[in-house]
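A.B. asks: Below is one structure. I have some questions about it.
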Amino acid sequence: MLSRAGRPKGAEEILFRLHYSKIAEWACCSVSTARQYASRGLYDPRDIDSVLHWANARRAKRGIEPVGVE
């Protein structure tokens, strides 16, 4: 059964959106590079844990402190 918004009843709501420009900023790379790595399956751009793991691995290689860690 579909709701008024066209989603299946009980479907999850979008809590936030993460654009490739923000992913690229976190990973210290260009937007096109961030898209290429996502298309290669190195991270899932819809999964924040996957994005942070990938971005922090790139940052660690450059000796930059990780993002998303306090």
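A.B. asks: What number of residues within segment 37-52 are outside any loop (DSSP other than H, G, I, E, B) and either touching a Phe, Trp or Tyr at 6+ places or on another chain (Cβ under 8 Å) or closer than 14 Å to residue 19 by Cα (or both)? Talk me through it step by step, then tell me what you get.
C.D. replies: Here is the first cut: in segment 37-52, the residues outside any loop (DSSP other than H, G, I, E, B) are 37-39, 48-52.
Of the ones still in play, those that are also either touching a Phe, Trp or Tyr at 6+ places or on another chain (Cβ under 8 Å) or closer than 14 Å to residue 19 by Cα (or both) are 37-38, 48, 50-52.
So the answer is 6.
A.B. asks: Residues to consider are 60, 55; find the one that is surrounded by 13 or more Cβ atoms within 10 Å (Cβ to Cβ), part of a helix (DSSP H, G or I) and modelled with pLDDT of 95 or more. It would help to see each step written out before you state the result.
C.D. replies: Details: 60 fails: surrounded by 13 or more Cβ atoms within 10 Å (Cβ to Cβ).
The match here is 55.
The values are calculated or read from the model by the stated rules, or taken from the named source; none is laboratory data. Every value quoted in this text rests on a predicted model; they were computed, and no experiment measured them. Please note: Cβ atoms are built from the backbone with ideal geometry, for glycine as well, and neighbour counts cover all protein chains shown.
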